[in-house]
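Shown next, in structure tokens, is the structure this report addresses.
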Amino acid sequence: MSISVMKRYELKYLLTGEQTRLLREKLQGHMQADQYGKTSIASLYYDTPTYTLIRESLQKPAFKEKLRLRSYGLATEESPVFLELKRKACGVVYKRRIQTTVPLAQAFFAEADDPRGGQINRELAAFRDHYRTLEPTCLIIYDRTAYFEPDGDLRLTIDENPRYRVDDLTLTKSMDGVPLLEPGRTILEIKVQNAMPLWLNAILAECGVRKGSFSKYGEAYRREILKARLSA
């Protein structure tokens, strides 16, 4: 079983189609696309029936946390998926992740712990037991190209066609969803252990890119709440 622990800073930016094109062009010579190319990723978010986790997250507290089940491509009952606990404290992101399968994850939320997970599984179980009523609430899907800096710790991702759905909440159904952005717009995420390099700051300035804040799950939640209010 693959287990990983991650600690890093994550910076997010919303890009236009032209900014995305310029950025890809200027990254040449600095960063390389990883071996997987463009990959469709699906993240199934778990929350309480009253959306405690995302409501608290949208208030931008110093500490926030999310729990999701992630697949790379459409999952099957046997394919690997990843149960992730993501916490952010004072700008630093901490991620605990364990490889599992959809049936094992479903059993986990029925309070059947997987002993192979060791310490990380215990952390996930403590999170589950603290909130007690966690259930799938939103599926976020996007098409990601990841870049890495050779011999460095810098990682960069560009997410295209982010979309969501609040029905058929399973990783095995389809990769369809409601668009979260206007056509052509993308989400840039920069992930770094320490400071962002000066050359990347210069490229972002040349492309007219400014730091923003965008939560895919948060935007989906806002849309669904607005939709509910308008139909009430």
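Brief remarks follow.
- Inter-residue pairs, beta-carbon under 6 Å, first farther than 30 Å from residue 173 by Cα and in segment 23-41, second not in a strand (DSSP E or B), 6+ apart: 23/207; 26/203; 31/149
- Residue list for segment 205-219, restricted to those being in a loop (DSSP other than H, G, I, E, B) and buried (at least 16 other Cβ atoms within 10 Å of the Cβ): 207, 209, 214, 215
- In the set 187, 141, only one residue is farther than 30 Å from residue 78 by Cα, buried (at least 16 other Cβ atoms within 10 Å of the Cβ) and under 13 Å from the mean Cα position of the chain (by Cα); that residue is 187.
Yes or no, residue by residue, for (1) of a type in the set (A, V, I, L, M); (2) surrounded by 14 or more Cβ atoms within 10 Å (Cβ to Cβ); (3) under 20 Å from residue 141 (Cα atoms):
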site: 171; (1), (2), (3): yes, yes, yes
site: 174; (1), (2), (3): no, no, yes
site: 183; (1), (2), (3): no, no, yes
site: 191; (1), (2), (3): no, yes, yes
site: 226; (1), (2), (3): yes, no, no
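- Residue ID - surrounded by the most Cβ atoms within 10 Å (Cβ to Cβ), chosen from residues in segment 56-71 that are touching a Phe, Trp or Tyr at 6+ places or on another chain (Cβ under 8 Å) and assigned to a strand (DSSP E or B): 69
- Complete set of residues in segment 72-83 that are more than 19 Å from residue 53 (Cα to Cα) and surrounded by 14 or more Cβ atoms within 10 Å (Cβ to Cβ): 72, 74, 75, 79, 80, 81, 82
- Pairing each residue of segment 89-108 that is farther than 16 Å from residue 122 by Cα with any residue that is polar (S, T, N, Q), provided the two are 6+ apart or on different chains, yields C-beta distances under 9 Å for 101/76; 101/79; 102/71; 102/76; 102/79; 102/170; 102/172.
- Strands (runs of 3 or more DSSP E) (entirely within segment 87-183) containing at least 1 residues that are farther than 22 Å from residue 217 by Cα and touching a helix residue (DSSP H, G or I) at 6+ places or on another chain (Cβ under 8 Å): 92-100, 135-148
- Restricting segment 90-112 to residues that are surrounded by fewer than 14 Cβ atoms within 10 Å (Cβ to Cβ) and within 18 Å of residue 131 (Cβ to Cβ), the residue that is modelled with the lowest pLDDT: 112
- Reported count of residues in segment 40-55, each being part of a loop (DSSP other than H, G, I, E, B) and among the polar types (S, T, N, Q), is 2.
The values are calculated or read from the model by the stated rules, or taken from the named source; none is laboratory data. As the structure is a computational prediction, the values presented were derived from the model and not from experiment. Cβ atoms come from the backbone with ideal geometry, glycine included; neighbour counts cover every protein chain shown.
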